[in-house]
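A short write-up of the structure that comes next.
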Amino acid sequence: MADDDREVARLWKINRTIHELVRDRGYEVADEDISMDLHNFKDTFARNGLVDRTSLNFFTYDPQDHSNQIFIFYADEKNVGIKTMKKLISILEEKKIGNGILIYSHTMTPASRKVISQMANLYRLQEFAEPDLLVNITHHKLVPKHEILSPDEKKLLLER
């Protein structure tokens, strides 16, 4: 039972980090999704003591451009293969979403990584391992805020 509680707490941290990441990229995210405590997370996503990863999937949009949407997909397989990638691509096609983030628990096969590069002209796909999302490193006090430079700022920086 302790392992199940540990897994729920782990997914709670990952869920919070991915919501922060999506918000930091300019997409709409409710404050409640980021500030949700562990107890509310358990009530919402782990009623039977285990989290169904598909219940954590969500999509959101850019408030300045509602057509710019992103879908966050938690893989339910430990080892992501072509089957999981087909499922993600079909969701993106169905909902007409151009951006996707895949979160996986253990590994991705070389074939699944190849799908990401092959679909680059249609979809902007990114993948993250769950352990990489346990902590939002960009919120660490020693990490400077990352900002996109304007073309003029970029030119000035490169001339230094």
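The values are calculated or read from the model by the stated rules, or taken from the named source; none is laboratory data. Just so it is clear, the structure is predicted and the values come from calculations on it, not from any experiment. Quick reminder, even Gly has a Cβ in these numbers, built from the backbone with ideal geometry, and neighbours come from all protein chains shown. These accessible areas exclude ligands, DNA and RNA; they are computed on the full protein's heavy atoms, side chains included. Shrake-Rupley method; radii C 1.70, N 1.55, O 1.52, S 1.80 Å.
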What is the sum of charges, Lys and Arg at +1 and Asp and Glu at -1, for the other residues whose Cβ falls under 13 Å from the Cβ of G26? -4
Kirkwood estimate for the stretch 1-89, i.e. one over the average of 1/r between Cα atoms, Å: 14.2 Å
Looking at the chain, send over the antiparallel percent of its DSSP beta bridges, to the nearest 5. 30 percent
Just to verify a number: what accessible area does T17 come out at with the full protein assembly present, 1.4 Å probe, Å² rounded to tens? 10 Å²
What are the lysines whose alpha-carbon lies under 21 Å from the alpha-carbon of K87, with same-chain residues fewer than 8 places away excluded? K78, K95, K96, K114
Can you spot the lysines whose alpha carbon is less than 20 Å from K42's alpha carbon? Ignore those fewer than 8 places along the same chain. K13
For Cα Rg over 2.2 N^0.38 Å, several values are listed as (1) 1.14; (2) 0.98; (3) 1.03; flag the one computed from this structure. (1)
Rounded to the nearest 0.05, FRET efficiency between L156 and V135 (Cβ-Cβ, R0 25 Å) equals 0.15
Specify the angular offset, from 0 to 90 degrees and rounded to the nearest 10, of the alpha carbon long axis of helix 2-24 from the longest principal axis of the alpha carbons in the chain. 20 degrees
Helical contribution to [θ] at 222 nm, DSSP H n ≥ 4, -39,500 (n - 2.57), averaged over the chain, rounded to 500: -13000 deg cm²/dmol
